[in-house]
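**Student:** Okay, handing you the structure first.
Rule-based calculations on the coordinates, nothing more; no lab input. Computed from a predicted model, the values in this text were never measured in an experiment. We place every Cβ from the backbone using ideal geometry, glycine too, and count neighbours over all the protein chains shown.
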Amino acid sequence: MSGNVEERMNMGRGNPGAEERAAGKANVEGDAGAGVLEAGLPAEPEAYFDSLFEDDPELERVTVSIRERGMPDISVAPGYGRLLTLLVAATRARSLLEIGALAGYSGICLARGLPPGEGRLTSLELKPDYAELASANLAAAGFADRAEMIVGDAVSSLERLEREGRRFDFFFIDADKENYPVYLEYAIRLANPGAIVAADNTLLRGRTLNPEKQGPAVRAMRDFNRAMARDPRLLAAHLPSYDGLALAMVK
Ligand code: SAH
Ligand code: DHB
Ligand code: MG
């Protein structure tokens, strides 16, 4: 996991002050500021669209809890969080599996797509302190009774879920990048027919496209991206906004 928080903050996520920018307030002092066009609109497409949405105090609280603890600020981008909510709702998914919980930002986005009082989110998280915070944040968002956290290495947890015969309608892959191909195989095995697989960070902040980058995470991500595109069991699409998101339906 990289500690490159500064870079992440400039990728159109978090987006503090978006409304001010959209309202042109950043221009009042005659200083457009970085990433803001003359008209007072954000210069980046992601920041522009993010600025159109109402503040989200519940998710903002998660982001604050991350900063307070000095954790890496690597929750899913806000636009993709909204897409997760939309996809869960649109596909009427009931059993959700998240691989990599951090502080519960994406977990809340996923759970928000469930019908009121129904369905369940299972989150796999390696670090006990992260898992505890994610559980607390999910509880604060009203999902205490429908969120299950499994602490430990995700591959072991997936093995256990398979042994137990668990099946899911929706997968969000967002943990260690080296294991994305493994997580995809498990997702396909644990999928109910028509299940959706979403995966974050398919561009690895440009490293995926840089031929000089040949480390294990980059190579695994290239394998994963190709598998999503070519696996005959999947119907897939790659979205290049933010840090890249892959989507597939398990046929
Ligand atoms: N999905 C979260 C962000 C996840 S960041 C959100 O958008 O809100 C990646 C997370 O994966 C971190 O919390 C990290 O601790 C966890 N992780 C890393 N390796 C893991 C592993 N082998 N098993 C389970 N979780 C892992
Ligand atoms: C980073 C971002 C992520 O969304 C993630 O899951 C892991 C790492 C990063 O920018 O380093
Ligand atoms: Mg991610």
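**Student:** Taking the Cα centre of the range 40-107 as the origin and placing charges on Cβ (Lys, Arg +1; Asp, Glu -1), which of LEU84, ILE74, PRO45 is farthest toward the positive end of the dipole?
**Tutor:** LEU84
**Student:** I've got another one for you. Restricting attention to the range 128-196, which GluC sites (Glu not before Pro) occupy a DSSP loop and are surrounded by at most 15 other Cβ atoms within 10 Å?
**Tutor:** Passing both the DSSP loop test and the Cβ count: GLU164.
**Student:** In vacuum, with every alpha carbon of the range 103-251 counted as one equal point scatterer, what does the Debye formula give for log10 I(q)/I(0) at q = 0.08 Å⁻¹? Two decimals, please.
**Tutor:** -0.22
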